[in-house]
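Take a look at the structure set out below.
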Amino acid sequence: MQRKFLWIGLAVVLASSLQVQAQSAKQDSTYRKWFVGSTLFLLGNLDQTNNPEFIQLNAGYRINPKNVVLFKFKRSKYAWPIGIPFGPDFDAPGLNYPGHARILAPQIGYQRFWWKGAYTSLTAMNAFEKYVDESKKKIGNGYTLYLDFYLAYQFRFLKNRFFFEPAIGFSYWPVRTNVPESFKTLENKWPNYFIQPGFDFGYNFNVKKVNKRHY
């Protein structure tokens, strides 16, 4: 499923590149301060074998064309050590947790645009986790702090109303607490960092000011 998803993402990136030449001419007249969005990783919910029940909501505010404050909220379920990279070991028999974890994770970040649509971002995600064993019995709560660094490019469409952002990211978790021993045994085989792609998309808009009438 993961390989199929990466091929879908690559196809979207190639299609997006056809629009690059039309972006810059109207950039100033179509500047929009606010945006909302999500990610193509939602397609992972089509996996019936190990459905992550993934939800991601993005929102942000552009302080100016180069500096952006970003907010995200994620919810998911996962049954594998988070340090496993995409490949033959991912979701392989014998490497998954004896159960699963559910997370609720607010995230705050900063984006810096350097040239046209190219930008870097740094985000901090607070993941509050609930661990469940194979009999679906809760066995504990935990917390993980994720620090994510991304290098990305933003493609804009339809007068800057919509955008798509292919990216490559590095995720590192310096704080991870209260992981059950049966889960931790599997996690210790893998590093506490992860390199992953990103495929965020969204909608740009401005908030209209309401003119108050004085009577």
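Per the listing 149, 170, the residue uniquely closer than 20 Å to residue 86 by Cβ, touching a Leu at 6+ places or on another chain (Cβ under 8 Å), at pLDDT 95 or above and not basic (Lys, Arg) is 149. If you filter segment 71-100 down to residues that are at pLDDT 95 or above and among the hydrophobic types (A, V, I, L, M, F, W, C), you find that the one that is farthest from residue 186 (Cα to Cα) is 71. Counting just the residues of segment 158-177 that are surrounded by 15 or more Cβ atoms within 10 Å (Cβ to Cβ) and of a type in the set (A, V, I, L, M, F, W, C), which one comes out nearest to residue 206 (Cα to Cα)? Applying the filter and picking the extreme gives 162. Figure legend. Inter-residue proximity from segment 37-56: first residues on the phi < 0 side of the Ramachandran plot, second residues in a loop (DSSP other than H, G, I, E, B) and small (Gly, Ala, Ser), beta-carbon distance below 9 Å, spacing 6+ or different chains. Indicated pairs: 50/79; 52/79. Would you please name the residue that is modelled with the lowest pLDDT, looking only at residues in segment 10-33 that are surrounded by 14 or more Cβ atoms within 10 Å (Cβ to Cβ) and within 21 Å of the chain's Cα centre (by Cα)? Top of the filtered list is 13.
Taking segment 45-144 as the region of interest, the strands (runs of 3 or more DSSP E) fully inside it that hold 3 or more residues being small (Gly, Ala, Ser) and buried (at least 17 other Cβ atoms within 10 Å of the Cβ) are 99-115.
Comparison of 186, 147 shows that the only residue that is crowded, with 18+ Cβ neighbours inside 10 Å, outside any loop (DSSP other than H, G, I, E, B) and not hydroxyl-bearing (Ser, Thr, Tyr) is 186.
Here residue 116 meets the list (1) within 18 Å of residue 63 (Cα to Cα); (2) at pLDDT 95 or above almost entirely, failing just condition (2).
The values are calculated or read from the model by the stated rules, or taken from the named source; none is laboratory data. The structure displayed is predicted, hence computed values, not measured ones. Methodologically, a virtual Cβ is constructed for each residue, glycine included, from the backbone with ideal geometry; neighbour enumeration extends over all protein chains shown.
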